[in-house]
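Working notes, beginning with the structure itself.
The values are calculated or read from the model by the stated rules, or taken from the named source; none is laboratory data. All of these numbers come straight from a predicted model, not from anything done at the bench. Here the Cβ positions follow ideal geometry from the backbone for every residue, glycine too, while neighbour counts run over all protein chains shown. Remember, those area values only see protein heavy atoms, side chains included, never the ligands or the DNA or RNA. Shrake-Rupley method; radii C 1.70, N 1.55, O 1.52, S 1.80 Å.
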Amino acid sequence: LVASQRHQTWTATLLDRLPTGVLVLDPAARVLQANDAARRRLEEQREISVARGALRAASPNLQHGLAELLARASRFDGRGAATETMLLSRADPMGPLELLLVASPRFADGNPEAVAVGLIFDPRDDAD
């Protein structure tokens with residue numbers, strides 16, 4: 001139990017040090033974990049947000065794409081992964097952020113509810 005708690009603390013510390021935003025999602029798009037960079041990146045744009053603990057898109061098309069990807073991930077048979085890239089508009093001249101969603105049953109090894117990881121980054125930023 002103590003080793004498990006140390007591992008969770010180490011993982012959380014590692015995630016918070018990454019310059020790329022990281023979101024861990026369940027099949028219903030509930031955010032199970034988010035690092036500081038993800039919270040900052042979400043504030044920079046208006047395409048997606050976290051409402052009542054779940055990732056929500058402002059447009060029906062983006063919301064549908066997110067729901068479809070997570071549904072596919074929850075039906076995987078243990079092989080492969082599904083990916084989807086979404087551009088998140090920001091005010092000019094900043095340019096869009098990218099949200100890369102990677103859905104795979106392999107994420108459930110550490111958390112049985114987790115089916116996807118979202119990476120939010122600025123493609124023009126070398127730190128990401």
Worksheet item: Listed residues Thr83, Thr20; which is among the polar types (S, T, N, Q), at pLDDT below 90 and under 22 Å from Pro123 (Cα atoms)?
Response: Thr83
Practice prompt. Scan the range 86-128 residue by residue and report those that are outside any loop (DSSP other than H, G, I, E, B), of a type in the set (D, E, K, R) and modelled with pLDDT of 85 or more.
Written response: Glu98
Worksheet item: For the subset of the range 29-51 comprising residues that are of a type in the set (Gly, Ala, Ser) and open to solvent by 40 Å² or more (accessible area, probe 1.4 Å), which member is farthest from Asp122 (Cα to Cα)?
Response: Ala51
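Quick check on this structure: which one of Arg46, Arg75, Arg39 is more than 13 Å from the chain's Cα centre (by Cα) and farther than 18 Å from Pro96 by Cβ?
Working: Arg46 fails: farther than 18 Å from Pro96 by Cβ; Arg39 fails: more than 13 Å from the chain's Cα centre (by Cα).
The unique qualifying residue is Arg75.
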Worksheet item: Which of (1) over 12 Å from the mean Cα position of the chain (by Cα); (2) closer than 14 Å to Ala116 by Cα; (3) in contact (Cβ under 8 Å) with a residue 12 or more places away in the chain does Val31 not meet, given it meets every other one?
Response: (1)
Worksheet item: Is there any pair linking a residue in the range 57-77 that is at pLDDT 80 or above to one that is among the acidic types (Asp, Glu) and not in a helix (DSSP H, G or I), with Cβ under 7 Å and at least six apart or on different chains, and which?
Response: Ala57/Glu47; Ala58/Glu47; Leu62/Glu47; Gly65/Glu84
Fill in: Conditions (1) out of contact with any Lys or Arg (no Cβ under 7 Å at 6 or more places or on another chain); (2) at pLDDT 90 or above; (3) more than 25 Å from Asp125 (Cα to Cα); number of the one not met by Ala54
(1)
Discussion item. Given (1) touching a Pro at 6+ places or on another chain (Cβ under 7 Å); (2) more than 25 Å from Arg124 (Cα to Cα); (3) not in a helix (DSSP H, G or I), identify the lone condition not met by Leu70.
Written reply: (3)
